[in-house]
1. Which residue, of 82, 107, is under 18 Å from residue 311 (Cβ atoms) and modelled with pLDDT of 85 or more?
2. How about segment 195-217: which of its residues are in contact with a Lys or Arg (Cβ under 8 Å, 6 or more places away or on another chain) and on the phi < 0 side of the Ramachandran plot?
3. Quick check on residue 45: is it in the same structural domain as residue 187 (by TED's automatic domain parsing), at pLDDT 85 or above and either touching a Gly at 6+ places or on another chain (Cβ under 8 Å) or assigned to a helix (DSSP H, G or I) (or both)?
4. Can you say whether residue 181 is under 25 Å from the mean Cα position of the chain (by Cα), over 21 Å from residue 354 (Cβ atoms) and in a loop (DSSP other than H, G, I, E, B), as far as the supplied structure shows?
5. So which of 256, 252, 248 ends up being part of a strand (DSSP E or B) and under 26 Å from residue 336 (Cα atoms)?
6. Could you list, in sequence order, all residues of segment 259-274 that are surrounded by fewer than 19 Cβ atoms within 10 Å (Cβ to Cβ), part of a loop (DSSP other than H, G, I, E, B) and over 29 Å from the mean Cα position of the chain (by Cα)?
7. Condition check: closer than 24 Å to residue 314 by Cβ, in contact with an Asp or Glu (Cβ under 6 Å, 6 or more places away or on another chain) and in contact (Cβ under 8 Å) with a residue 60 or more places away in the chain. Does residue 220 satisfy that?
Amino acid sequence: MSKKLNLTIPPLNLSGEMLIHKVRTNAFYFVPQWLEYGREMMDALFGDKSLLGELRSEKYDLMFLDIIAPEGLLLMDYLNIPSVGYSNFGFDNNWDISPPINPSYMPDAFSAYSEYMTFWERLINTVSITTMNLMKIQYQSPCDEAKVKYNLNTSLSLESVFTRLSLLIVNIDFVFDYPRPVFPWVKPVSGVLFHSPKPLPKELDQFVESSGDAGFIILSFGTLIPELTAETAAMVARVFARLPQKVIWRNINSNISGLGNNTKVLPWIPQNDLLGHPKARLFITHCGVSSSHEVLYHGVPVVAVPLFVDQFGHARKLVERLGMGEELDFFNFTESAFSGTVLNVLNNPKYFKNAKRAAATVRDQPMDGKEALMFWVEYAIRNNGSLHFHSQGMERLSWYQYLLLDVVSVLFSTVVTVVVLVYLICKLVCRHVTKKWFPSKRKNKTE
């Protein structure tokens, strides 16, 4: 039996172009809102006794949860059933779920670094990853409060809950993402967000087909940035009006100054279907997770305009690792810079060639991503979990044992002890030899 259970949770009230400036000036702008959101989720879930009773009475075979939401981990422990975690954002360098982590070549998921880092980048990367992991104490505070408030299993730390996940499915493709070692219980699955295009609505299809050989451009900055300010939008409209291509622009406000006849502004667009159209020539994107995977799958050149968080890393992969386009800083979003970048990508055939090569490579898979995901979910159900993929010995180690600090300290102490003993023995032998063979010198010195 399956049932959809709906929870009414107030959404995070964060959107608009001003959000970009706030996050750029304060990297921890999201933290207070995220913690409050976590508390609301905990109260909505564990405060509803009838809901919890219904969940327990159903006797589910498996729980599938997004690991970004810690309340799911607590519910997994509460129901005591096999669980499969899912990470839509790929690896986030969390010590608990994606070891082994080496900051020398694994960039922080929220940075713009590549796997090739200078000394200073490696230093900053190490400090950043360490700081984010230490900040988990604050991030976990809603969970700790909920465990006490609702009499949950307080002896179980959130870190140890991760070790009880049967599997962790990570939405990742090593064509796009930087290669790294993973444990057997972590399953990189490529193509979860890959979808074949569907036919476009009639009016939109007619507009696209009217673009001729010039094709069309897509502009979308994602859910959090549904519209640009009037000044920025007018500048973008002027640039588009000078282009031979048609433009489909997602912006909730269509009343834009200087809008050309070649531009259609819509509050929502079928982005994946547009990217899959053969006349798509360019995608101007903020490089969110879904947008990055969709443009990779369909092989469309990009102008990457990352805004915050993980988007900078995605932009660098699309631009530098795959060579699919060029990047533009939103804080340098001037008319000349925007126009020049768009024209460079449109007129340079290497970007189109690289995009098509990347698309062909990610499509060359033994199994569709959604089929692979379902295989591992069903595998966990068939085997009543799959904890045999976990290294039980490693997960029982404390942090200093995992880093071999106890072994290193013993070896270091042993070496120091041996060196000191050798020194003392040599000193004693030298004194004895000196006293025996050079008695006169010692006598003269004493006199």
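1. Answer to the check: 107.
2. Across segment 195-217, the qualifying residues are 204, 207, 208, 209, 210, 211, 214, 216, 217.
3. Spelling it out, it is not the case that residue 45 is in the same structural domain as residue 187 (by TED's automatic domain parsing), at pLDDT 85 or above and either touching a Gly at 6+ places or on another chain (Cβ under 8 Å) or assigned to a helix (DSSP H, G or I) (or both).
4. So residue 181 passes the test.
5. Answer to the selection: 248.
6. 260, 261
7. no
Residue-wise test of (1) assigned to a helix (DSSP H, G or I); (2) in contact (Cβ under 8 Å) with a residue 24 or more places away in the chain; (3) in contact with a strand residue (DSSP E or B) (Cβ under 7 Å, 6 or more places away or on another chain).
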site	(1), (2), (3)
337	yes, no, no
341	yes, yes, yes
344	yes, no, yes
351	yes, yes, yes
356	yes, yes, no
359	yes, yes, no
362	yes, yes, no
370	yes, yes, no
373	yes, yes, yes
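The values are calculated or read from the model by the stated rules, or taken from the named source; none is laboratory data. Source: prediction; values computed, not measured. All Cβ positions, even for glycine, are placed from backbone atoms using ideal geometry, and neighbour counts span all protein chains on display.
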